[in-house]
Amino acid sequence: MTLAGISLVLLLGIINLILVVFQVSTGKKWLKVNFTWHRRLGILLLFTAIIHAVLAYLSR
Ligand code: HEM
């Protein structure tokens, strides 16, 4: 499955990597943001990671 010619699995993988870096940086308080965003984006990451895994599995 592609979006504008780019693989959705690849796109979600990059988004997940950015979200993990954000989560660790804000969890460790290296990056100071309202902590609500750590909780919200942590939940979003759960869903984007599951979609990434399911699409990768289906496209084998
Ligand atoms: C994959 C997703 C997540 C990652 C990688 C992550 C990562 C981290 C890290 C590295 C810390 C610091 C731990 C420490 O220094 O002992 C932390 C703290 C914390 N995280 Fe997350 N987190 C994630 C998702 C979430 C979610 C979904 C919630 C809540 C809904 C949450 C709530 C908290 C809380 C309450 C703390 C403690 C903050 C404090 O010590 O003041 N995290 N997280």
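Below are the figures for this structure:
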{"item": "Number of positions in the stretch 15-38 that are in a helix (DSSP H, G or I) and over 13 Å from the mean Cα position of the chain (by Cα)", "result": "6"}
{"item": "Pairs where the first residue, in the stretch 1-28, is surrounded by 12 or more Cβ atoms within 10 Å (Cβ to Cβ) and the second is outside any strand (DSSP E or B) and hydroxyl-bearing (Ser, Thr, Tyr), C-beta under 9 Å, 6+ apart", "result": "Ser7/Ser59; Leu8/Ser59; Val9/Ser59; Leu12/Thr48; Ile15/Thr48; Asn16/Thr48; Leu19/Thr48"}
{"item": "Restricting the stretch 2-49 to residues that are of a type outside the set (Ser, Thr, Tyr) and modelled with pLDDT under 95, the residue that is farthest from the ligand (Cβ to nearest atom)", "result": "Gly5"}
{"item": "Where Arg60 falls short, out of the listed (1) at pLDDT 95 or above; (2) not in a helix (DSSP H, G or I)", "result": "(1)"}
{"item": "Filter result for Arg60 (of a type in the set (D, E, K, R) and more than 14 Å from the ligand (Cβ to nearest atom))", "result": "yes"}
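The values are calculated or read from the model by the stated rules, or taken from the named source; none is laboratory data. Remember, predicted model here, so these are calculated numbers, not experimental data. Methodologically, a virtual Cβ is constructed for each residue, glycine included, from the backbone with ideal geometry; neighbour enumeration extends over all protein chains shown.
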